[in-house]
């Protein structure tokens with residue numbers, strides 16, 4: 001993820017972002033009508049929000065169970081600080097990893113991983129992570145149930 005500087009988001013932009021978060025397929029005509037602005041104004045506002053990296057992209061949210069990826073694990077890594085950047089670069093290429101977070105503390109990397117089965121999680125940890133140099137410890141937590149998961153920012 002690119003480092004971006006916080007920008008001052010106007011009130012109308014917040015309303016646009018809220019509506020797009022709720023349904024990014026919502027027609028611009030409908031959004032413009034709801035917000036009482038013109039379509040060209042809406043288009044220009046959205047384009048500016050994209051240029052400023054406020055909007056990073058538009059995507060489809062897929063139900064992981066429906067496509068055969070019901071297993072979710074959070075994996076904590078303790079990594080040699082001198083190899084952290086190299087390890088992060090390698091980890092970024094693994095498709096199993098949905099999220100990669102750098103943390104303060106002894107455990108300095110948190111991974112969110114999806115798999116079709118428990119064996120996939122085990123193989124990921126034993127064959128991919130443990131074979132990587134610079135990782136001194138892994139802790140894997142298998143999620144029993146997801147109560148809340150969202151990408152919506154409360155704006």
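The values are calculated or read from the model by the stated rules, or taken from the named source; none is laboratory data. This structure is a prediction, so every number in the text was calculated from the model and none was measured. A quick note on method: Cβ atoms are made from the backbone with ideal geometry, for glycine too, and the neighbour counts reach across all protein chains shown.
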Query - Top-ranked residue in segment 92-109 [being surrounded by 15 or more Cβ atoms within 10 Å (Cβ to Cβ) and closer than 19 Å to residue 143 by Cβ; ranked as farthest from the chain's Cα centre (by Cα)] - result: 107
Query raised in the report: In this structure, is residue 89 part of a loop (DSSP other than H, G, I, E, B), within 17 Å of the chain's Cα centre (by Cα), at pLDDT 95 or above and more than 30 Å from residue 10 (Cβ to Cβ)?
Result: no
Query raised in the report: Of all helices (runs of 4 or more DSSP H) completely enclosed by segment 1-81, which ones contain at least 2 residues that are surrounded by 15 or more Cβ atoms within 10 Å (Cβ to Cβ) and out of contact with any helix residue (DSSP H, G or I) (no Cβ under 9 Å at 6 or more places or on another chain)?
Result: none
